[in-house]
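Visitor: Questions regarding the structure given below will be posed in turn.
The values are calculated or read from the model by the stated rules, or taken from the named source; none is laboratory data. Since the model is a prediction, treat every value here as computed from it, not as a measurement. All Cβ positions, even for glycine, are placed from backbone atoms using ideal geometry, and neighbour counts span all protein chains on display.
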Amino acid sequence: MLRRKRRDERPEHPFTGYKLARAVLSADGGRAGFAGLTLGADQVYGAVGEAACVWSPRHAPPRKWCGCGFYCLHDVNDARDLGCATENRSALLIEVVAAGRYIRYERGLRFSNQRIRAIRESQCECGRPGAGLADAGTGIVGWRHLTPVCGMCAGGRPAILSLKDFAALLDAPVPVRVPPAAVPAPAGAAAGESPVAVLSAEIALLHARLDEIQSRLDG
Ligand SMILES: [Zn+2]
Ligand SMILES: [Zn+2]
């Protein structure tokens, strides 16, 4: 998938990259984090992290013949492409800054030190932008997987956390920079909104759109 070009370089400037990550919430609901999708799916990292090799404590990631370290892609569209795969649908798209040791690939980097710069995209399984996060029904020891839900699909599901509330539970501040066009119901994303409020905001928006279509038909 990723083709290596050079190895073991140290960047003069930190790189910006994009990746998919699964949002997780601690069992007591007090801490949030991210988990990898395939490699490192059982390792939770926060807003700032240094990679450790899961296979060998004797080397520091990224090691040439090992898969260890953090990964990111240079182009946000490559990360979006990955997000289309069935198993990645519930992942968040995040922007990261890579630093430390790294190995450069054609389309991305494998590296040792990561800081999450922003949460960029989240999508409900129905295809609408995810306004909040709900329990995905899966997880790893100590952490529940979360899945993005829109206001329409949130109805009746408990424990909805807005992206902002999720970000506030990370070990360091991470801004939520989901494009305005991708947030159809901003009222629903506010902290403390009930799923019903989110749902009514979505329905109000839907009605507004129907009215608009109706007025066009009439005109
Ligand atoms: Zn390793
Ligand atoms: Zn939905």
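Visitor: If I filter the stretch 85-101 down to residues being surrounded by fewer than 20 Cβ atoms within 10 Å (Cβ to Cβ) and of a type outside the set (D, E, K, R), which single residue comes out as farthest from residue 136 (Cα to Cα)?
Guide: 100
Visitor: Return yes when residue 87 is farther than 23 Å from residue 62 by Cβ and touching a helix residue (DSSP H, G or I) at 6+ places or on another chain (Cβ under 8 Å) and no when it is not.
Guide: So residue 87 fails the test.
Visitor: Can you confirm whether the stretch 102-117 contains a residue that is aliphatic (A, V, I, L, M), crowded, with 16+ Cβ neighbours inside 10 Å and farther than 25 Å from residue 60 by Cβ?
Guide: no
Visitor: For residue 45, are the conditions met, namely being modelled with pLDDT of 90 or more, touching a Leu at 6+ places or on another chain (Cβ under 7 Å) and either surrounded by 11 or more Cβ atoms within 10 Å (Cβ to Cβ) or under 27 Å from residue 133 (Cβ atoms) (or both)?
Guide: Considered against the rule, which asks whether it is modelled with pLDDT of 90 or more, touching a Leu at 6+ places or on another chain (Cβ under 7 Å) and either surrounded by 11 or more Cβ atoms within 10 Å (Cβ to Cβ) or under 27 Å from residue 133 (Cβ atoms) (or both), residue 45 comes out as no.
Visitor: With 60, 131, 79 as the choices, which residue is out of contact with any Pro (no Cβ under 7 Å at 6 or more places or on another chain), among the hydrophobic types (A, V, I, L, M, F, W, C) and within 15 Å of ligand 2 (Cβ to nearest atom)?
Guide: Residue meeting the stated conditions: 131.
Visitor: Let me ask another. In the stretch 62-74, is there at least one residue being more than 16 Å from ligand 1 (Cβ to nearest atom) and over 18 Å from residue 34 (Cβ atoms)?
Guide: There is at least one residue in the stretch 62-74 that is more than 16 Å from ligand 1 (Cβ to nearest atom) and over 18 Å from residue 34 (Cβ atoms).
Visitor: Next question, about the same structure. Checking residue 163 against (1) within 16 Å of ligand 2 (Cβ to nearest atom); (2) over 16 Å from residue 21 (Cβ atoms), which single condition isn't satisfied?
Guide: Failing condition for residue 163: (2).
Visitor: Let me ask something additional. Tell me which residues, restricted to the stretch 112-165, are at positive phi and assigned to a loop (DSSP other than H, G, I, E, B).
Guide: 127, 142, 156, 159
Yes/no per residue for (1) more than 24 Å from residue 167 (Cβ to Cβ); (2) in contact (Cβ under 8 Å) with a residue 60 or more places away in the chain; (3) part of a strand (DSSP E or B); (4) among the aromatic types (Phe, Trp, Tyr):
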| position | (1), (2), (3), (4) |
| --- | --- |
| 80 | no, no, no, no |
| 90 | no, yes, no, no |
| 94 | no, yes, yes, no |
| 97 | no, yes, yes, no |
| 100 | no, yes, yes, no |
| 109 | no, yes, yes, no |
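Visitor: Which of (1) of a type outside the set (Ser, Thr, Tyr); (2) within 16 Å of ligand 1 (Cβ to nearest atom); (3) under 17 Å from the mean Cα position of the chain (by Cα) is the odd one out, the single condition residue 100 does not satisfy?
Guide: (3)
Visitor: So in the stretch 52-72, with the set limited to residues that are hydrophobic (A, V, I, L, M, F, W, C) and either in a loop (DSSP other than H, G, I, E, B) or loosely packed, with under 13 Cβ neighbours inside 10 Å (or both), which one is modelled with the lowest pLDDT?
Guide: It comes out as 54.
Visitor: I'd like the full set of residues that are surrounded by 11 or more Cβ atoms within 10 Å (Cβ to Cβ) and in a strand (DSSP E or B), limited to the stretch 27-42.
Guide: 32, 33, 34, 35, 40
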